[in-house]
Amino acid sequence: MNPTLESTYEFMDKFFQELREVFDDEFIHLGGDEVDHLCWSSNHEIRDWMDKRDYRFTEDLVDLYMSRLMRISKKRNFKSIVWHETFKNGLQGFQDTVVQVWDQITPENTLSQLTSTGYDVIVSYPWYLDHLRYGESWKKMYEFEPNIFSGSEEMHGHVLGGEACMWGEYFDETNFLTGIWPRTSAVAERLWSSSSVNDANAASARLYKHRCRMIKRGIPAHPTRTGICSD
């Protein structure tokens, strides 16, 4: 996508219009994370466009593109969801946008900054399913509290919930289901329960039995601990 061409946004407008006609969803995820700037910075037409308008950094192009995209989204009666990087480069406004946070380095600061300025957020950084670890890795996912960051009750009220994410760099049809189950079940119970329900040891027996139910239903869920499923 060339963010300097008006035809880009004309296409996206028509595309979103078609999505609106086909799908009844309230939200649409616009992405915005880990943008590769090399494609734009190596394009002489884009560089000329930037020079004429005093755009110094390709990050400014990201802001331009995402702001135009969010306006189109709203025009087509979608509520936008974006990754937190969208607002890391200085983009402001669009308070009706939901921000999904995967920040693995300073997640609490990111959550504090976003919620203090009124953005609703979805927490994902502790629940990356492609980050495999030895042993009962589901326990850390189960014990994590989304509102762990420092802030007021109003700020914590902007945390809509969380989402477990699976990325496909090292997963395909041979290990996908094993990678997501039953750890996603642990995340689900964490998010559907009150903050006081956080005892992983107490949940262990439930998850063990649930994994066995999955096995009986033909779902190749990963073991939660040693032992076998009885008939």
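Computed quantities for the displayed model
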quantity	calculated
Lone unmet requirement of (1) surrounded by fewer than 19 Cβ atoms within 10 Å (Cβ to Cβ); (2) over 18 Å from the mean Cα position of the chain (by Cα) for Lys88	(2)
The range 1-28 residues that are under 28 Å from Cys39 (Cα atoms), paired with ones that are outside any helix (DSSP H, G or I) and of a type outside the set (S, T, N, Q) (beta carbon under 6 Å, 6 or more apart)	Thr8/Met1; Phe16/Arg76; Gln17/Arg76; Ile28/Phe78
Which listed residue, of Val99, Val123, is in contact with a Leu (Cβ under 6 Å, 6 or more places away or on another chain), open to solvent by less than 50 Å² (accessible area, probe 1.4 Å) and either among the basic types (Lys, Arg) or under 24 Å from Ile180 (Cα atoms) (or both)	Val99
Members of the range 26-56 that are at pLDDT 95 or above and assigned to a loop (DSSP other than H, G, I, E, B)	Glu26
Matching entry among Leu177, Leu111 (being at pLDDT 95 or above, among the aliphatic types (A, V, I, L, M), part of a helix (DSSP H, G or I) and surrounded by 18 or more Cβ atoms within 10 Å (Cβ to Cβ))	Leu111
Residues located in the range 57-91, provided they are small (Gly, Ala, Ser) and part of a loop (DSSP other than H, G, I, E, B)	Gly90
From Arg190, Arg206, Arg183, residue being of a type in the set (Lys, Arg), open to solvent by 30 Å² or more (accessible area, probe 1.4 Å) and free of Cβ contacts under 8 Å to residues at least 60 places away in the same chain	Arg206
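The values are calculated or read from the model by the stated rules, or taken from the named source; none is laboratory data. No experiment lies behind these values; they were computed from the predicted model shown. Cβ sites come from the backbone with ideal geometry, for glycine too, and all protein chains shown count toward neighbours. Heads up: the accessible areas ignore ligands, DNA and RNA and are worked out on the full protein's heavy atoms, side chains in. Shrake-Rupley method; radii C 1.70, N 1.55, O 1.52, S 1.80 Å.
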